[in-house]
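The values are calculated or read from the model by the stated rules, or taken from the named source; none is laboratory data. Being a predicted model, the structure only gives us computed values, none of them experimental. Virtual Cβ from ideal backbone geometry, glycine too; neighbours counted across all protein chains shown.
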Amino acid sequence: MLVLGIETSCDETAVAVVDETRHIHANLVLSQIDEHRPYGGVVPEIAARAHVEHLDGLVAQAMEAAGAGFGDLDGVAATAGPGLIGGVMVGLMTGKAIAAVHGLPLAAVNHLEGHALSARLGGGLDFPYLLLLISGGHCQLLVVEDVGAYTRLGTTIDDAVGEAFDKTAKMLGLGFPGGPAVERAASAGDPRRFKLPRPLKGREGCHFSFSGLKTAVWYAVKEQGGEKQQLSRQTAADLAASFQAAVADVLCDRTENALALMRERYPDASDFVVAGGVAANELLRARLDELAATNGFTMSAPPPELCTDNGAMIAWAGIERLSRGLSDSLDAPPRARWPLDPDAAKAPGAGAKE
Ligand code: KG4
Ligand code: ZN
């Protein structure tokens, strides 16, 4: 089964061709970073227009790189949400058009399911597993029971972890995109110099909170006598390292509770997966790996380029769905919001982001 995957839910235009033996025939990502940089963040309207401009060319390039024609495909998978609605519409409409013209089945893929299943693209990972999904828009702990079957154990009650990285980078004058910039700066910094809070650490449950940490970084920046470029390089590096260490502590603390819950529910399960853009971070990967090992679990994470948004994970989620006979009609709607575990999102008093 050869599937074309299209991803346009944020600021990457991404297209891939993948088959069910997990061979990635092509995986192209066109970043729009330069177009958004002047604004210090992703501008939805600019993103949508850039997707319109580049997507068809990138599809052609990916097909050529894969050495395949549309007639060789067995399906088309496109992100149908959640994400910036303009971009989602561009990718989904393009996927539908290709499916309609070539008589192919369509998989309207949940972007979060793309991340959730991305570790299976490496092979050797069976259901169920515990997933820590950390990206620009989400921070969730989920039990992945099967394709389409997710139980959320916890989520952020305010900011997503990637958002915290991006805002910290902005406050430190490290530029955009924030995650990799904070990681780079932190490598030359002292993580013990600034005493930053670890929100919710030691508390029951698996929810997260990052807004207090973000505020603490802001106060530290002010205390150090300036905003952005006025900080010395070393101070910015020390703050980045201190922030990253706080995030690592919080992620490990919340994940440890989730590992215990996982053990209760599935005594035989031993797989823990970390995925999403923030999972590209080396320190976080190492800390989570150590945590999993001390709790009798094995951590796996996709390679960094499959952690950040890409078309291969969407093509793979499409293969997982289509090979189970799950296809979508051409009226599948684009969705700005689309929780993986709809029951958790409806839970009264959840008070949490999806
Ligand atoms: O999954 P993703 O590519 O897009 C979303 O679905 O949101 O995640 C993007 C997020 C951004 O917030 C970015 O700053 C963060 O992932 N990120 C990182 C790193 N690389 C990307 N955060 C920390 N360390 C990194 N190396
Ligand atoms: Zn993503």
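Among the residues of the stretch 159-173, is there at least one that is within 13 Å of ligand 1 (Cβ to nearest atom), over 29 Å from Val43 (Cα atoms) and at pLDDT 95 or above? No, the stretch 159-173 has no match at all. Give the residues of the stretch 251-281 that are in a helix (DSSP H, G or I), touching a residue at least 40 places away in the same chain (Cβ under 8 Å), farther than 25 Å from His111 by Cα and not polar (S, T, N, Q), sorted by residue number. Of everything in the stretch 251-281, those that are in a helix (DSSP H, G or I), touching a residue at least 40 places away in the same chain (Cβ under 8 Å), farther than 25 Å from His111 by Cα and not polar (S, T, N, Q) turn out to be Asp253, Leu261, Arg265. Scanning the stretch 103-113 for residues that are within 15 Å of ligand 2 (Cβ to nearest atom) and outside any helix (DSSP H, G or I) gives Val109, Asn110. Condition check: within 16 Å of ligand 2 (Cβ to nearest atom), touching a residue at least 40 places away in the same chain (Cβ under 8 Å) and touching a Phe, Trp or Tyr at 6+ places or on another chain (Cβ under 6 Å). Does Thr156 satisfy that? Yes; evaluated as a whole, the condition is true for this residue. The residue that is surrounded by the fewest Cβ atoms within 10 Å (Cβ to Cβ), counting only those in the stretch 30-63 that are of a type in the set (D, E, K, R) and either free of Cβ contacts under 8 Å to residues at least 12 places away in the same chain or closer than 18 Å to Gly86 by Cα (or both), is Asp34. Does Arg265 count as away from ligand 1 (no atom under 16 Å from the Cβ) and buried (at least 21 other Cβ atoms within 10 Å of the Cβ)? Criteria not met by Arg265. Taken over the stretch 124-144, residues that are away from ligand 1 (no atom under 13 Å from the Cβ), in contact with a Phe, Trp or Tyr (Cβ under 7 Å, 6 or more places away or on another chain) and within 21 Å of Thr308 (Cβ to Cβ) amount to 3. Ser118 passes every criterion in (1) outside any strand (DSSP E or B); (2) crowded, with 22+ Cβ neighbours inside 10 Å; (3) away from ligand 2 (no atom under 15 Å from the Cβ) apart from (3).
Residue-wise test of (1) buried (at least 21 other Cβ atoms within 10 Å of the Cβ); (2) at pLDDT 95 or above; (3) more than 15 Å from ligand 1 (Cβ to nearest atom).
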| site | (1), (2), (3) |
| --- | --- |
| Arg184 | no, yes, no |
| Phe194 | yes, yes, yes |
| Lys201 | no, yes, yes |
| Phe208 | yes, yes, no |
| Thr215 | no, yes, yes |
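Within 16 Å of ligand 1 (Cβ to nearest atom), assigned to a helix (DSSP H, G or I) and crowded, with 22+ Cβ neighbours inside 10 Å: is that true of Leu284 in this structure? Considered against the rule, which asks whether it is within 16 Å of ligand 1 (Cβ to nearest atom), assigned to a helix (DSSP H, G or I) and crowded, with 22+ Cβ neighbours inside 10 Å, Leu284 comes out as yes.
Taking each residue of the stretch 99-128 that is within 18 Å of Leu2 (Cβ to Cβ) and looking for partners that are within 13 Å of ligand 1 (Cβ to nearest atom) and part of a strand (DSSP E or B) with beta-carbon atoms closer than 7 Å, six or more apart or interchain, yields Val109/Thr79; Gly114/Thr79. Of the candidates Lys353, Lys346, the single residue that is within 16 Å of ligand 1 (Cβ to nearest atom) and at pLDDT below 95 is Lys353.
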